[in-house]
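Q: Here's a structure for you.
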Amino acid sequence: MKARIALLAFLAAWLPLAGQGSVPAEAGTITFSVGGGAVEFDFWEQLMRDFQAETGIDVELMRKPMDTGLHRQSLVVPLSTRKSDPDVFLMDVAWLAQFAASRWLTPLGPYLAKGGCGDRNAFFPHILALADTYEGNLVALPVFIDGGLLYYRTDLLRKYGLGGPPRTLDELLRYAQKVQKGERRTNPGFFAFVWQGAQYEGLICDFLEFAGSDGSFTVKDGSVSVDTPENRKALRFMHDLIHLHGVSPPNTYTEMKEEEVRRFFQGGNALFERNWPYAFALHEAEGSPVRGKTAIAPVPSFAPGRSVSTLGGWHVGISRFSDAKTESYRLLCFLTSYEVQKKMTLHLGWNPGRKDVYDDPDVLDRMPHFRNLRAVFENARPRPIVPYYTQLSEILQRHLNAALAGNSPPEEALATAQKQMQAIVSRYHRK
């Protein structure tokens, strides 16, 4: 049987109808929902041809919008109306709790108990426990994982006699001040440290990393905790990087997102950059001013050894309403196998969900920075896994950004945020 791979285009204007007007899959065919650009989709098409050749199972590939908000909505519509398609889909880690709490995901434990999906120990155990497990049930597996990193200019550290990357935030500040003072003699637009401070989800990720393992944003037993001494210290430090020390640009809280930060650093105008792993390949690309001059390290914390990386990435699950669960499970196992995870790494540059791929000789030969990535992901920590996370995030983003702008003292910003977030949590726990 030949593989049948159909491209379903989702335009924003049609999105409210997503899942209602799609062509149903034929009997014996499973549907797999993915996002991404042309390169990624071409890869998925070839991968599904490989899967069909190996298993005899047809796959209908459903293409979702690249924008994560639109992608999420295009899954929510069919799932909330109990459609059987898609059978298998990729989810941003931040969606997992909502999808699981809505009872849209098939518990994977019974299938894993039957074997055939490799060793669970091949995955990062804390990621399975903290992100992929809901109310004691494993509901997803990681396909691609992400985490915040500190990028630094090796040539500038050598130039100013500073040795290796900073181990603490105080050390980072000291390095930043020294290098910035020297570089501004020839480059007045040089700012030593760029990071994500605009009002969006990336600000939450940066905030949690500055706070380190001593800080936290938790929701437990009907209570939210974000207004803590450790978090106040982190937010004050972030504010001072801009307004007191001047080592981060004034537009940090108005414009700086991933790409703005990446371009600033790649232009040769910064010593340190907080960003995700995707930036490494771009920094090393032909023509990049920082090519051969960039390395990565964990984002420092106030105390040595207390570093945290905010977990991001994409996870695969099976719809509870799928009418082809056995075949869907075989696809899930295929996607998380060593061989396929290695292909994703080499062809797409993705960070595999399996930790054993980080030791693969071919991967290390092409991507030597993977030696350091695995250690970073060992300390990756997800944001709260609750179905109403987006509502909490919107509140916290607003107050964090107000503190960075100098419109609200950090202590007041966090106290107000916690009060407003607690109202959301209490409302859901009364239901």
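None of the figures in this text is laboratory data; all of them are computed from the coordinates on show. Predicted model, so just to flag it, every value in this text is computed and none were measured. FYI the Cβ positions are ideal-geometry reconstructions off the backbone, even for glycines, and counts take in every protein chain you see.
Q: Using only alpha carbon pairs under 8 Å that are at least six residues apart, calculate the relative contact order of the stretch 46-144 and give it in whole percent.
A: Computed over the stretch 46-144, the figure is 21 percent.
Q: Structure shown: which of 220/419; 83/325; 83/343; 220/325; 233/419; 220/355 lie over 21 Å apart, alpha-carbon to alpha-carbon?
A: 83/343; 220/325; 220/355
Q: Tell me the label-point distance for the pair residue 390, residue 126, using the 7 Å Cα-to-Cβ offset, in nm and rounded to one decimal.
A: Inter-label distance under the simple model: 2.8 nm.
Q: For the chain, what does -39500 (n - 2.57) per DSSP helix run (n ≥ 4), summed and divided by total residues, give at 222 nm, in deg cm²/dmol to the nearest 500?
A: That comes out to -13000 deg cm²/dmol.
Q: Let me ask something else. Would you work out which of 224, 268, 55 lies farthest towards the positive end of the dipole of the chain, given +1 charges on the beta-carbon of Lys and Arg and -1 on that of Asp and Glu, about the Cα centre?
A: The listed residue farthest towards the positive side: 224.
Q: Okay, moving on. Quick one, what does Rg over Rh come out to for the stretch 88-150 if you take C-alpha atoms and the Kirkwood Rh?
A: 0.96
Q: Once fully extended, how much extra length lies between residue 286 and residue 254, figured as 0.36 nm per residue of separation less the alpha-carbon to alpha-carbon distance?
A: 8.5 nm
Q: What ratio of Cα Rg to 2.2 N^0.38 Å holds for the stretch 29-76?
A: Values: Rg = 11.7 Å, N = 48, 2.2 N^0.38 = 9.6 Å.
Taking the Cα Rg and dividing by 2.2 N^0.38 Å, one obtains 1.22.
Q: Points 7 angstrom from Cα along the Cβ direction at residue 240 and residue 359: gap in nanometres?
A: The answer from the label model is 4.2 nm.
Q: Of the options 193, 138, 175, report the single residue whose Cα projects farthest towards the positive end of the charge dipole of the stretch 92-241 (beta-carbon charges: Lys, Arg +1; Asp, Glu -1).
A: Farthest along the dipole direction, towards plus: 175.
Q: Same structure, new question: Go through the cysteines of the chain and tell me which have no other cysteine Cβ under 4.7 Å away.
A: Those would be 205, since no other cysteine Cβ in the chain comes under 4.7 Å of theirs.
Q: Starting from 0.36 nm per residue, how many nanometres of slack lie between residue 218 and residue 326 once their C-alpha separation is accounted for?
A: 35.3 nm
Q: Given (i) 25, 50, 22, 2; (ii) 25, 55, 20, 0; (iii) 27, 58, 15, 0, which label gives P(r) over Cα pairs in 20 Å bins from 0, in percent as computed from the coordinates?
A: From the options (i) 25, 50, 22, 2; (ii) 25, 55, 20, 0; (iii) 27, 58, 15, 0, the structure gives (ii).
Q: How would you classify the stretch 191-289 from its alpha-carbon gyration tensor, with a ≥ b ≥ c the square roots of the eigenvalues: rounded for a/c under 1.5, else prolate if a/b is greater than b/c, otherwise oblate?
A: Because a/c hits 1.5 or more and a/b exceeds b/c, the stretch 191-289 counts as prolate.
Q: Compute the relative contact order of the stretch 185-318 as a whole-number percentage, counting only Cα pairs closer than 8 Å that sit 6 or more residues apart in sequence. Working shown, then result.
A: Details: 177 pairs, mean separation 45.1, N = 134.
This gives 34 percent for the stretch 185-318.
Q: A follow-up question, please. Give the percent of DSSP beta bridges with both residues in the chain that are antiparallel, rounded to the nearest 5.
A: On the way: 27 of 40 bridges.
Given both bridge residues lie in the chain, the antiparallel proportion sits at roughly 70 percent.
Q: A follow-up question, please. By how many nm would the segment from residue 54 to residue 411 lengthen if fully extended, with 0.36 nm per residue of separation less the alpha-carbon distance?
A: 122.7 nm
Q: So, how do all the Cα-to-Cα distances of the stretch 222-345 break down into 5 Å bins, in percent, from 0 on up?
A: Going from the shortest bin to the longest, the percentages are 2, 7, 12, 14, 15, 14, 10, 10, 9, 5, 2, 0.
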